[in-house]
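Every number here is computed from the coordinates shown, using simple stated rules; none is lab data. This structure is a prediction, so every number in the text was calculated from the model and none was measured. Here the Cβ positions follow ideal geometry from the backbone for every residue, glycine too, while neighbour counts run over all protein chains shown.
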Amino acid sequence: MLVFGGIATLGLQGQTEFFEVTDETVFLMRDSHIRYFGGLYFGIGLFLILASTNLRTYNTALKLVFALTFIGGLARFTMMRFDIIFGPDIIGSLLVELILMPVLYFWLLKILKSPVA
């Protein structure tokens, strides 16, 4: 829901007292970036819904989304904080990114090899 609430998330992700704004201009710039990323992921979610209606037509874009999501999951490791990465608040997302995305990618390849009904 970052698309609607920015860094503060409109309270949808719990308490936001983990930071203090000391430079409003920098905060607003970063908040704008966070809203962009929220909108981007919201749009990708809408695309995935659309693509599910015709896997053959959207197969190239689907494979790209799956691959990029997997790469994003790998990027989490650049933080070098395994206690956070494998913690209860992140592990669900990490499993989706690193396990489900490759499964969906190879499932799609299998579906595309099957004859059209």
Convex hull projection area averaged over all views, the chain, Cα basis, nm²: 8.9
Chain lengthening between ASP23 and TYR41 when straightened (0.36 nm per residue, less Cα-Cα): 3.8 nm
Crossing angle, helix 59-75 versus the chain [Cα axis fit, 0-90 degrees, rounded to tens]: 40
The chain - percent relative contact order, Cα under 8 Å, separation 6 or more: 22
Acute angle (nearest 10 degrees) that the helix 101-113 long axis makes with the longest principal axis of the chain, alpha-carbon atoms: 20
Euclidean distance between Cα centres, segment 24-79 to segment 90-110, Å: 14
Inter-site label distance for ALA61 and LEU98 at 7 Å from Cα along Cβ, in nm: 3.0
Nearest 10 degrees, 0 to 90: helix 24-51 Cα axis against the chain principal axis: 20
Charge context of ILE91, other residues only, Cβ under 12 angstrom, K/R +1, D/E -1: -2
